[in-house]
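Visitor: First the structure, which I've put down as structure tokens, then a few questions once you've had a look.
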Amino acid sequence: MVNWMDRDEQRQLKEDLMRKLRPADSYLGTLNDSLANFDDLLGTIRQAENAAKELINETAALTPKVSDAPETVTATSAPAPPDTVAETEEIQPTLDELMEKLDELVGLDDIKQNVKSLINLVKVRKLRDENELPNPPLSLHMVFTGNPGTGKTTVARILSGLYRAIGVLTKGQLIEVDRGGLVAGFVGQTAIKTKEIIDSALGGILFIDEAYSLAPEIGNGNDFGREAIETLLKMMEDHRDNLIVIVAGYNEPMERFINSNPGLESRFNRYFEFPDYNGDELSEVFTSMCEKSEYVLTDDAKTYTKEHFHMLYMLRDENFGNARHIRNFFEHIVAIHSDRISTLEEPTREDLTTITLEDLEEATSE
């Protein structure tokens, strides 16, 4: 802060100025006026200084001490955010829930029993491991044979969950693929493409539909499918503890596929044959689809469907789609029902949910 002159110092300053300047008499009045103005200026400066001191004192009184300042919240003292990954993680079904899903499948009695026996075998092997007892070698890779629509993919999906539930697989996802997902169009690319697919299936099941297309008929020349098979066999060996492969397709072509490579024969030694659905089972599948979508069949419509599906089963050929055919038939019925209901002025809830004999007859006639 500047120390301003007191009155004695001001008086001495004026005398010194007058003595040094020694003004002429003609200018003496003007100089006296200037000195008077100088006195006024010093007074104004002194007032400003006093006002500044008062402002500084008031400000200091309002400023809190360091010890009075609020506590700073650091990152470590803030509450941890919720575990969003754990909150959004999908809840996996239990072993009992998955077994219930298996039992709910229409037909497939032999398949269900085979799956249950396989699960029991794996559970006992784990118990033997825990008790430090030896286990013979076991391959869990499987061959599913049968026509389309017989539930092969559905059973594979349930199996992946069952193996996860009992600790055989770490994740339990099902990766579905066919030849197009494994084979590339240029030399050397098939191995890369196949490896990427298998990597995505690690910890779960790789389901290869129409696997026989990877091994074409003898005499068709070089085919990149063979490269996919070689890559598959190598990675099955490298990841034998955390990968299960299921190959699926028609019966005879799948037999040719397995016999096309000695490595396939040694790794795939479990066969599950999926039979066609009979007439009663086809009718049960159709009724289940109706119930899930809250459609009701009239009594004469129920009788008609049973007769129709029995006839469909008796006349089936190698291209019969089983449950796929029933799904397409159900969607066609829904479309016909909608066309009929749309002509009503005020359809009731019963109208919206009832499938009549006429609906079925129109669908089958088309």
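The values are calculated or read from the model by the stated rules, or taken from the named source; none is laboratory data. A quick note: this is a predicted structure, and the numbers were derived from the prediction, not measured. All Cβ positions, glycine included, derive from the backbone under ideal geometry; neighbour counts span all protein chains shown.
Visitor: Given the criteria without any contact (Cβ under 8 Å) to a residue 60 or more places away in the chain, surrounded by fewer than 18 Cβ atoms within 10 Å (Cβ to Cβ) and within 23 Å of Thr354 (Cβ to Cβ), does Thr298 qualify? Can you show your working first?
Guide: Values: without any contact (Cβ under 8 Å) to a residue 60 or more places away in the chain: yes; surrounded by fewer than 18 Cβ atoms within 10 Å (Cβ to Cβ): yes; within 23 Å of Thr354 (Cβ to Cβ): yes.
Yes, satisfied.
Visitor: On to the next question. Out of the residues in the range 187-225 that are in a helix (DSSP H, G or I) and closer than 19 Å to Glu252 by Cα, state the one that is modelled with the lowest pLDDT.
Guide: Gly225
Visitor: Further, regarding this structure: Can you tell me which of (1) closer than 28 Å to Asn322 by Cβ; (2) over 22 Å from the mean Cα position of the chain (by Cα); (3) surrounded by fewer than 21 Cβ atoms within 10 Å (Cβ to Cβ) is the one Ala191 doesn't meet?
Guide: Unmet for Ala191, out of (1) closer than 28 Å to Asn322 by Cβ; (2) over 22 Å from the mean Cα position of the chain (by Cα); (3) surrounded by fewer than 21 Cβ atoms within 10 Å (Cβ to Cβ): (1).
Visitor: Also, I was wondering about something else. In the range 247-290, how many residues are surrounded by fewer than 21 Cβ atoms within 10 Å (Cβ to Cβ), assigned to a helix (DSSP H, G or I), of a type in the set (S, T, N, Q) and over 33 Å from the mean Cα position of the chain (by Cα)?
Guide: Total meeting the criteria: 3.
Visitor: Show me the helices (runs of 4 or more DSSP H) found entirely inside the range 293-366 where at least 3 residues are more than 38 Å from the chain's Cα centre (by Cα) and over 22 Å from Asp276 (Cβ atoms).
Guide: On the way: elements: 299-314, 323-341, 349-353, 357-365.
Fully inside the range 293-366 and qualifying: 299-314, 357-365.
Visitor: Which one of these does Met142 not meet: (1) under 15 Å from Leu95 (Cα atoms); (2) aliphatic (A, V, I, L, M); (3) in contact (Cβ under 8 Å) with a residue 60 or more places away in the chain?
Guide: Result: Met142 passes all but (1).
Visitor: Let me ask something additional. Would the range 271-284 turn up any residue that is over 28 Å from Asp110 (Cα atoms) and not acidic (Asp, Glu)? I'd like the intermediate steps shown before the answer.
Guide: Taking the range 271-284 first, the residues over 28 Å from Asp110 (Cα atoms) are none.
The answer is no, given that none of the residues of the range 271-284 is over 28 Å from Asp110 (Cα atoms) and not acidic (Asp, Glu).
Visitor: While we're looking at this one, here's another question. Considering only residues of the range 117-146 that are charged (D, E, K, R) and in a helix (DSSP H, G or I), which is surrounded by the fewest Cβ atoms within 10 Å (Cβ to Cβ)?
Guide: The initial filter retains those residues of the range 117-146 that are charged (D, E, K, R), namely 123, 125-126, 128-130, 132.
Remaining after also requiring in a helix (DSSP H, G or I): 123, 125-126, 128-130.
Working: Lys123: 14, Arg125: 16, Lys126: 14, Arg128: 12, Asp129: 11, Glu130: 8.
Here the residue is Glu130.
Visitor: Touching a strand residue (DSSP E or B) at 6+ places or on another chain (Cβ under 6 Å) and touching a residue at least 40 places away in the same chain (Cβ under 8 Å): does that describe Ile208? Don't jump to the end; show me each part of the working.
Guide: Details: touching a strand residue (DSSP E or B) at 6+ places or on another chain (Cβ under 6 Å): yes; touching a residue at least 40 places away in the same chain (Cβ under 8 Å): yes.
Answer is yes for this residue.
Visitor: Which of the following residues is touching a residue at least 24 places away in the same chain (Cβ under 8 Å) and at positive phi: Gly203, Gly225, Gly188? Quick ask: steps written out before the conclusion?
Guide: Numbers: Gly225 fails: at positive phi; Gly188 fails: touching a residue at least 24 places away in the same chain (Cβ under 8 Å).
Just a single option satisfies the conditions, and that option is Gly203.
Visitor: Now, a different point. Pick from the range 163-185 the residues that are out of contact with any Ser or Thr (no Cβ under 8 Å at 6 or more places or on another chain), in a loop (DSSP other than H, G, I, E, B) and among the aliphatic types (A, V, I, L, M): which of them is surrounded by the most Cβ atoms within 10 Å (Cβ to Cβ)?
Guide: First, the residues of the range 163-185 that are out of contact with any Ser or Thr (no Cβ under 8 Å at 6 or more places or on another chain): 163, 166-168, 170-171, 177, 180-181, 185.
Among the residues that remain, those that are also in a loop (DSSP other than H, G, I, E, B) are: 166-168, 170-171, 185.
Filter again for among the aliphatic types (A, V, I, L, M), leaving 166, 168.
Numbers: Ile166: 16, Val168: 20.
Per the criteria, the residue is Val168.
Visitor: Is at least one residue of the range 329-337 free of Cβ contacts under 8 Å to residues at least 12 places away in the same chain, more than 24 Å from Thr153 (Cα to Cα) and outside the structural domain of Leu138 (by TED's automatic domain parsing)? Give the steps one after another, and end with the answer.
Guide: Start the filter on the range 329-337 by keeping residues that are free of Cβ contacts under 8 Å to residues at least 12 places away in the same chain, which leaves 331, 335.
From what's left, more than 24 Å from Thr153 (Cα to Cα): 335.
From what is left, the residues that are outside the structural domain of Leu138 (by TED's automatic domain parsing) are 335.
Looking through the range 329-337, at least one residue is free of Cβ contacts under 8 Å to residues at least 12 places away in the same chain, more than 24 Å from Thr153 (Cα to Cα) and outside the structural domain of Leu138 (by TED's automatic domain parsing).
Visitor: Given the conditions (1) touching a strand residue (DSSP E or B) at 6+ places or on another chain (Cβ under 6 Å); (2) surrounded by fewer than 17 Cβ atoms within 10 Å (Cβ to Cβ); (3) among the hydrophobic types (A, V, I, L, M, F, W, C), report the number of the one that Met311 does not fulfil.
Guide: (1)
Visitor: Look at the range 92-112 and say how many of its residues are part of a helix (DSSP H, G or I) and within 13 Å of Tyr277 (Cβ to Cβ).
Guide: So the count comes out to 2.
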